[in-house]
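The values are calculated or read from the model by the stated rules, or taken from the named source; none is laboratory data. From a predicted model like this one, the values you see are computed outputs, not experimental measurements. All Cβ positions, even for glycine, are placed from backbone atoms using ideal geometry, and neighbour counts span all protein chains on display.
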């Protein structure tokens, strides 16, 4: 069974989805630790209640991103993770950190990448008038919100949507696809070939794009 470490900055709702999948027996991993860059992150309490080691390393105590990332990596490596999962971790990681965990660092982003990298994705989607929006799980590379895509989910943009309503529908899909992506990794079913993800089973490959509300 593979070890994973989850990084959060706040409530960690995607972390909660991973814990729930583990507890339901559908995610065969050991969640070895949850680490936050913010000591007040509510997700740390959730992790402790779930019996998971919870740590924080306050990024405000470091003079540079490099110094913080070095301390973060030192903490992560204590748990010998096979996979590091970013679940609402609101820090731009340095290239050195990304290289250290290359091929075993996953992130979830609230848009259908490569559209709308960065922040405020839902409002930007509304401002652009797109009709389909969604979320993406991808391997992390040094380029912000890029990297090989593992799985995506789409929802329609409905007339009258605002940022909050669109975000809420997409969050439901985030909680579906992140445990799926981590499960594929845990089962050694993800391969990186020429910078793209290949999924071992054809049936699962068909499910690498989910559009439950598009009929």
For residue 147, indicate whether it is in a loop (DSSP other than H, G, I, E, B), surrounded by 19 or more Cβ atoms within 10 Å (Cβ to Cβ), assigned by TED's automatic domain parsing to the domain that holds residue 189 and in contact (Cβ under 8 Å) with a residue 40 or more places away in the chain.
yes
For segment 1-93, which strands (runs of 3 or more DSSP E) that fit wholly inside it have 1 or more residues that are touching a residue at least 40 places away in the same chain (Cβ under 8 Å) and buried (at least 19 other Cβ atoms within 10 Å of the Cβ)?
2-8, 29-36, 83-86
Within segment 150-168, the count of residues that are surrounded by 21 or more Cβ atoms within 10 Å (Cβ to Cβ) and either in a helix (DSSP H, G or I) or assigned by TED's automatic domain parsing to the domain that holds residue 31 (or both) comes to 1
Selected residue (only one of 138, 120 is surrounded by fewer than 22 Cβ atoms within 10 Å (Cβ to Cβ) and under 30 Å from residue 60 (Cα atoms))
120
